[in-house]
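Step one of this worksheet: look at the structure below.
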Amino acid sequence: MSKTTPSPKKYGDTDTFARIVRANSIMHGQPVIKGTRIPVSLIFDYLSDGYSVKDILDQFSHLTPEDISEALRYGSIALQQ
C-alpha cells in the first residue's frame, strides 16, 4: 500500500477553521468570524492601524481572543499560497 500525502489547504478553505466561515451569502463571500459579519480583513486593518488585540476585543465585545488568533492564522495561510 502506498501512502498518500494530503494536499495542503488552500486559501478560502475554511474546513480547518472552526471560527472562520466563507459563504457567498455573507459579506459577498469574504471570510468572516463565524456568527458575526466581521471580516477577517477588518481585524488586520485594526492591527495595522495600531490597535492591540485588547483594543479590538473592547471594540467588538462579542469577539474572543481565539477568534482573533484564528483570523491571524487564516491570514498567514492565505499569504503562503
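All of the numbers you see were taken from the coordinates with simple rules; none came from a lab. Please read all numbers here as calculations on a predicted model, not as lab measurements. Positions of Cβ are backbone-derived with ideal geometry, glycine not excepted, and every protein chain shown enters the neighbour counts.
Results, tabulated for the structure shown:
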{"read-out": "Simple Cβ-charge dipole of the range 14-80, Lys/Arg +1 and Asp/Glu -1, about Cα centre, in debye nearest 20", "value": "220 debye"}
{"read-out": "Cα-only Debye scattering, the range 14-80: base-10 log of I(q)/I(0) at q = 0.27 Å⁻¹", "value": "-1.32"}
{"read-out": "Lys/Arg +1, Asp/Glu -1 at C-beta; the range 14-80 dipole; positive extreme among 79, 42, 24", "value": "24"}
{"read-out": "Rounded Å value of the spacing that divides the Cα centres of the range 18-34 and the range 51-71", "value": "17 Å"}
{"read-out": "Ranked 40, 53, criterion: other C-beta atoms within 10 Å, fewest first", "value": "53, 40"}
{"read-out": "Neighbour net charge for residue 56 - beta-carbon separation under 11 angstrom, K R +1, D E -1", "value": "-4"}
{"read-out": "Zone of residue 69's modelled label, taken as backbone nitrogen in the range 24-56 under 18 Å from a point 7 Å along Cα→Cβ", "value": "33-34, 43-44, 52-56"}
